[in-house]
1. Of these, 216, 245, which one is more than 22 Å from residue 114 (Cα to Cα), modelled with pLDDT of 95 or more and out of contact with any helix residue (DSSP H, G or I) (no Cβ under 8 Å at 6 or more places or on another chain)?
2. Could we say that residue 30 is over 22 Å from the mean Cα position of the chain (by Cα), closer than 30 Å to residue 293 by Cβ, part of a helix (DSSP H, G or I) and touching a residue at least 24 places away in the same chain (Cβ under 8 Å) here?
3. For the stretch 195-217, give me each residue that is loosely packed, with under 15 Cβ neighbours inside 10 Å and within 13 Å of residue 247 (Cα to Cα).
4. Can you tell me which of 285, 281 is in contact with a strand residue (DSSP E or B) (Cβ under 7 Å, 6 or more places away or on another chain), under 20 Å from residue 18 (Cβ atoms) and either surrounded by 21 or more Cβ atoms within 10 Å (Cβ to Cβ) or without any contact (Cβ under 8 Å) to a residue 40 or more places away in the chain (or both)?
5. With the requirement that a residue be within 23 Å of the chain's Cα centre (by Cα), touching a residue at least 40 places away in the same chain (Cβ under 8 Å) and part of a helix (DSSP H, G or I), what does the stretch 2-27 give you?
6. Does residue 234 meet the test of being crowded, with 23+ Cβ neighbours inside 10 Å and touching a strand residue (DSSP E or B) at 6+ places or on another chain (Cβ under 7 Å)?
7. Give the residue that is nearest to the chain's Cα centre (by Cα), with candidates limited to residues of the stretch 123-145 that are more than 16 Å from residue 105 (Cα to Cα) and buried (at least 24 other Cβ atoms within 10 Å of the Cβ).
8. Among the residues of the stretch 51-92, count how many are surrounded by fewer than 18 Cβ atoms within 10 Å (Cβ to Cβ) and either part of a loop (DSSP other than H, G, I, E, B) or touching a residue at least 60 places away in the same chain (Cβ under 8 Å) (or both).
C-alpha cells in the first residue's frame, strides 16, 4: 500500500490543496490514507429473495470469510474474495445478493422509506440504492427511478428485474425537470447526485481521478443546484429528501445545502447512525444546521461520501 506522501504525489494537486484547506492535517492525512489502496469487497443480501442467515451459512460452507456491518444488518464485508469471485456464484446471478459499497448503502437507510409510500430516485442507475429501497419497503408503494443516460437506463432495468424489484417504474429524462412533471407528489426523494467522485479516488488506479478538475467541480455544482430545486418541487410538504454525493469538497456538498436552505423551504434533520469513520458537515459559519450532515471518510471498507437529510417545511 502507498504511503500518504506517495498518494499526495499521484492525486491532482488542486484536490490535495483544497483537501488540506478544508480539514486539519490529521483528517486530511486520514482521507489520503484511505485512498492509498483498493477496498474490500462489500455486498448486501437482497431480502426480497434471500436472508442474511442463509447467506452467512452458505459463505461458511464455501470458505468465504466475512464480517458483519454494525449499522446495516443485511450487509457483509468480504475478507478473502474479490468482486469477480463473487460474480461467479449462483446466488449473485440469481439476484440473491448485490455488490455495493457500504457508503452507497447509507443514503437509503437515512431516507427511511416506509411501506406504501411514493418515492422518487432522481439519478438511479445502476440501481444499487433503488433496489435497496425496494427491498426495504417489501415491494410496496411506488418508486419512480429516473436516469438520463439511455445505456445506463437499460442496466438499471436489468438490475431491477434481476433483484425482483417490481414496485419500480423506470423513466429516462432530465432530473432538473422532475419537479415540474411531478409537483408535490412524493413522500420521499433521494437525490444521489452526479458528482466529481473524489470519495472514490484510489491512488493506484489513475482512472479514478484522471478526469477530475476544479472546472468540472464548478460545472457539476450548477447542475446539483438545479437538481435539488427540482427534487424539492417534487416533494410533498412535510416530506423527506436525502442529498448525497460520493465526493468531499464544499462546492458540491455544504455549499449546495447552504443555497437550498437559504432559498427553499427546507430544514436540516439529524442522522441517527453510528458510523465510526464519519465526521460532521462544515457549518460554514452559519446556524443552518449544516453540521447535521455527515461526511464518511474513505478507508479499507468505505468510499468517501456526503449525506444530508432534509425535511420540506
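1. So the residue among 216, 245 that is more than 22 Å from residue 114 (Cα to Cα), modelled with pLDDT of 95 or more and out of contact with any helix residue (DSSP H, G or I) (no Cβ under 8 Å at 6 or more places or on another chain) is 216.
2. It is false that residue 30 is over 22 Å from the mean Cα position of the chain (by Cα), closer than 30 Å to residue 293 by Cβ, part of a helix (DSSP H, G or I) and touching a residue at least 24 places away in the same chain (Cβ under 8 Å).
3. Answer for the stretch 195-217, where residues must be loosely packed, with under 15 Cβ neighbours inside 10 Å and within 13 Å of residue 247 (Cα to Cα): 213, 216.
4. 281
5. Scanning the stretch 2-27 gives 15, 18, 19, 22, 27.
6. yes
7. 145
8. 12
The values are calculated or read from the model by the stated rules, or taken from the named source; none is laboratory data. A quick note: this is a predicted structure, and the numbers were derived from the prediction, not measured. Ideal geometry is used to build each Cβ from the backbone, glycine not excepted, and the neighbour counts take in all protein chains shown.
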